[in-house]
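The values are calculated or read from the model by the stated rules, or taken from the named source; none is laboratory data. Model, not experiment: these values are computed from the prediction. Note that we place each Cβ from the backbone using ideal geometry, even for glycine, and neighbour counts take in every protein chain shown.
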Amino acid sequence: MVKNFGQRSVVRFKSDVLIHISLDEWPTDVPLLNTFTLHEIEDGVIRPFWHIFLEPVETVEMVAGHFQSPLGLEEVIQSCDEALQKAGWNSKETVVAQERWFSFRYTNSTPNKYVDINFRRPDGATTTKIQIRRVIKHPYAPPVEEKEESVEASVEPALEEATK
Amino acid sequence: MNVSKSVKVNAPKNLVVMNVVIIALIAIGLIYAPTINLTSPQVFRAASLAPGTEGLLKQTAAHLSKMQGGESIGGFPGFEPPDDDEKYKQKIKNKNYSAQDVNDWVKEINNFLKQIIEKNPGMTLEEILTKQGLTAEQIEKFILALKDTELMARSMATFGVDTARALALRELLIQLGVTTLW
C-alpha cells in the first residue's frame, strides 16, 4: 500500500506520472532477494518508482526498481528465478542471453501482467546490477457522452404537462 | 576531286541529324523520368542506408555502452575509458555514473538519433539496424540498451536529469518504432 502522500517526489512527463516509492512499498508479488540493495550512483541511490501511463485504450501501471547485489551473475539469476517461480510467475521467456547480460520476461495466469527483469555484470564490475519492472495494463474505455436530444426529449413531455 | 565540296554540303546535314537525335534522346528521357523518379526513392531506401548512418549508429552505440558498463552494443566496439583513469573505469563498469553524466550522454544520443531519423525517413530502428547488417540478437540488445537508457533517465529525473531531455529520447524512440517503453 502506498503511503505518505505528499511526502514523496512526483515527476510529470507528458500524459504520464512517475511517483517515487520507498522499498517497503515494493509490490509483494515480485520478491526481492535479501542481498539486493538499491542501485547506488554518484548522486545517491535510485529509488523505485510507480509510473502510470494514460494511453488511449489502456492505463499502464509500472513499478520499477534498480538494484545491485554482490552475488555473481549466475547465482543472482538462479536465485531470482526460484523466488519468482515460487511467487507464481511460472512462465518465463528469454529476451536476451549473452555472456554478461540476461533479460527475462515472466508471466502468470493473469492476463496483461508481466515482470521484466534484466541482469548485468560487465567485465570487471564488483556488483551485479538488476533492473525489475512489473507491468499491469488496465483496459480503458473513454466515457460516452449523453446525446442532447435524448435529454430534451425526456424534458419536453414534462414541460408540456406543466404548461397545460 | 570534289571531296571538299561534298564534305561542305554534308556537314550541315550531319549537324541536323545529330540535333534531331539529341532532341529525341531528351524527349525519351523526359517521358520516362517521372516513372524513374517515382520508384527510385523506394528502391533507394530498400537498397541502402543514407550516407553517414553507420557513423551515427556507432556513436549511439558508444554512448549506450557507457550506460551499460562498457559492453559492446549491437556489435559495435564497447566504450573504453582511458587506462590511466581508474576512477572513471570503475564508474563505467559499476554503472555508478552521475545524473550529469546521464544528462550529457542522453543529449548526445538524442542528437544522433535525430540525425538518423532525418537521414532515413520512414524507417524503423529495427529496419535500419537490419540494413546495417546486425544480427537479430544484436538488434535486440541495441534496442534494449536504448530502452534501458530511457528508463534510467526517467528514474534519475529527481537527481537532475533533464525531464525534457528524457521525454525527447522517448519521443525519438517512438518515432523509430520502439513503441513499448514499459
- line: Per the filter on region A:4-43, residues out of contact with any helix residue (DSSP H, G or I) (no Cβ under 7 Å at 6 or more places or on another chain), free of Cβ contacts under 8 Å to residues at least 12 places away in the same chain and within 13 Å of chain B (Cβ to nearest Cβ) are A:10, A:12, A:41, A:42
- line: In region A:90-145, anything hydrophobic (A, V, I, L, M, F, W, C) and either in contact with an Asp or Glu (Cβ under 8 Å, 6 or more places away or on another chain) or over 22 Å from residue A:23 (Cβ atoms) (or both) is listed as A:95, A:96, A:97, A:101, A:102, A:104, A:125, A:132, A:135, A:136, A:141, A:144
- prompt: Which residue pairs have Cβ atoms under 7 Å apart, sit 6 or more places apart or on different chains, and have a first residue in region A:97-114 that is farther than 16 Å from residue A:78 by Cβ and a second that is loosely packed, with under 14 Cβ neighbours inside 10 Å?
  reply: A:105/A:93; A:107/A:91; A:108/A:88; A:108/A:90; A:108/A:91
- prompt: Of all the residues that make up region A:11-28, how many are surrounded by 15 or more Cβ atoms within 10 Å (Cβ to Cβ) and assigned to a loop (DSSP other than H, G, I, E, B)?
  reply: 4
- request: Identify, from the list B:24, B:50, the residue that is out of contact with any Asp or Glu (no Cβ under 8 Å at 6 or more places or on another chain), at pLDDT 90 or above and not β-branched (Val, Ile, Thr).
  value: B:50
message: Regarding region B:142-163, can at least one residue be identified that is more than 20 Å from residue B:99 (Cβ to Cβ) and touching a Leu at 6+ places or on another chain (Cβ under 9 Å)?
response: yes
- request: Identify all residues within region A:48-90 that are within 14 Å of chain B (Cβ to nearest Cβ), buried (at least 18 other Cβ atoms within 10 Å of the Cβ) and assigned to a loop (DSSP other than H, G, I, E, B); write none if there are none.
  value: A:48
message: So, restricting to helices (runs of 4 or more DSSP H) that lie completely within region B:41-145, which ones have at least 2 residues that are within 14 Å of chain A (Cβ to nearest Cβ), among the charged types (D, E, K, R) and under 21 Å from residue A:66 (Cα atoms)?
response: B:86-93, B:99-119
